[in-house]
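Here the structure is laid out as structure tokens; the discussion comes afterwards.
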Amino acid sequence: MKSCVLNVTKLACLLILVTAAVGCNSTTTEDQRRRDEKTREEAAKATERIKPELKEAGKELGQAAREAADDARAAAQGVKDGWSRDHSHPLDLNTASESDLESLPGITKTDAERIIRNRPYRSKNELVNKRIISEESYDRIRDNVTAD
């Protein structure tokens, strides 16, 4: 894509220079008119040659824009899901997945596995009573979990 844009840029510069040269030269001799006509024809041919590259570059830019929009939507949905999970309702220690448990502050993969292994829980403070996690870790997650 970069090479395509560079070629387009080079051709555009060439067209500008040719157009400027044609416009600045006001002699009307037959030779000059032929050179001018030849220059215009070459500029027209160059323009025709560049059209497919411009079209392809436009397609690539469009595809990149669509992919960026999709990525942005996915990221926004992830933020929304995370915000909802963290703020709307606590995780149930008896049903939460390992990845959900790992999303809790300070809970490692090992902690999550240990929590799952020791199910079921009648109350969330069993995490400390059964020595599954430390009191310090429990203090960080106490408001984010339940044992229903």
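Less than 5 angstrom separates the built amide H of T146 from those of L91, D92, L93, all sequence-distant by 5 or more or on a different chain. Here, the stretch 91-146 yields an orientationally averaged convex hull projection of 3.0 nm² when only Cα atoms define the hull. Were the residues from R122 through N94 laid out at 0.36 nm apart, the gain over their Cα-Cα distance would be 9.2 nm.
Which FRET efficiency value, to the nearest 0.05, is calculated for A57 and D31 with the Förster distance at 35 angstrom and r the Cβ-Cβ distance? Efficiency at R0 = 35 Å is approximately 0.40.
Using C-alpha pairs below 8 Å separated by at least 6 residues, the relative contact order for the stretch 32-148 is 25 percent.
Each reported figure results from applying straightforward, stated rules to the coordinates on display, with no laboratory input. Just so you know, these numbers come straight off a predicted model, no measurement behind them. So basically every Cβ, Gly included, is an ideal-geometry build from the backbone, and we count neighbours across all protein chains shown.
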